[in-house]
1. How far apart, in nm, are two points set 7 Å out from the Cα along the Cα-to-Cβ line at S63 and at E81?
2. Run lengths n ≥ 4 of DSSP H only: what is the helix-derived mean residue ellipticity at 222 nm for the chain, with -39500 (n - 2.57) per run over all residues, to the nearest 500?
3. How high is the FRET efficiency between M94 and K71 when r is their beta carbon distance and R₀ equals 30 Å, given to the nearest 0.05?
4. For the range 1-100, take every pair of Cα atoms, bin their distances at 10 Å starting from 0, and report each bin as a whole percent.
5. Which of the GluC sites (Glu not before Pro) found in the range 6-65 are in a DSSP loop and have at most 16 neighbouring Cβ atoms, other than their own, within 10 Å?
6. Angle check, please: helix 29-38 long axis (alpha carbons) against the longest principal axis of the chain (alpha carbons), in degrees 0 to 90, nearest 10.
7. Which ³J(HN,Hα) values, rounded to whole Hz and listed in residue order, are derived for the range 39-56 from phi using the Karplus coefficients 6.51, -1.76 and 1.60 in 6.51 cos²θ - 1.76 cosθ + 1.60 with θ = phi - 60°, glycine and proline given as x?
8. First select every other residue whose beta carbon is under 15 angstrom from the beta carbon of V27; then total the charges, Lys and Arg +1, Asp and Glu -1.
Amino acid sequence: MKDKVLRKLFLGFIQLHILHHACKEPVFGLWMMEELQEHGYEISAGTLYPIFHNLEKSGLLYSIEKVIDGKVRKYYQITAEGEEVLKLAKEKAMELIDELE
Ligand SMILES: [Zn+2]
């Protein structure tokens, strides 16, 4: 039960991380996975990739394929709508942190 609630909460945080980074530069799955692991999130590719796909399907990210060392790698970047969502979510997150402190 506790795990279920935490997973839901962390899913929101993870989506914010993704939007934040995709706003700065194009990101790809493995890089994002390592970034999240550095923040203490234990996330597998099997969990992370569907999150990327959902954000893309929702119109918040778009993907481009680049060939790196002969291999195709999918990079995600933020859309205008994604930037809007990021801005709103960030405001709420800041406000919340302020209150939690
Ligand atoms: Zn991050």
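The values are calculated or read from the model by the stated rules, or taken from the named source; none is laboratory data. Note that this is a predicted model, so its numbers are computed, not measured. Counting neighbours? That spans all protein chains shown, and the Cβs are built from the backbone with ideal geometry, glycine included. Areas reflect the complete protein model, heavy atoms only, side chains present, ligands, DNA and RNA absent. Shrake-Rupley method; radii C 1.70, N 1.55, O 1.52, S 1.80 Å.
1. The answer from the label model is 1.7 nm.
2. Numbers: 4 runs with 67 residues, N = 101.
Value at 222 nm, helices only, nearest 500: -22000 deg cm²/dmol.
3. Working: r = 39 Å, r/R0 = 1.29.
So the FRET efficiency works out to roughly 0.20.
4. With 10 Å bins starting at 0, P(r) equals 14, 45, 32, 7, 1.
5. Details: sites: E34, E35, E38, E42, E56, E65; in loops: E42.
Of the GluC sites (Glu not before Pro), the ones in loops of the range 6-65 whose Cβ has at most 16 other Cβ atoms within 10 Å are E42.
6. So the inclination is approximately 30 degrees.
7. Coupling constants for the range 39-56: 8, x, 8, 8, 10, 9, 4, x, 8, 6, 4, x, 5, 4, 4, 5, 5, 6 Hz.
8. On the way: positive: K24, K66, R73, K74; negative: E25, E34, E35, E38, E56, E65, E83.
Residues close to V27 contribute a combined charge of -3.
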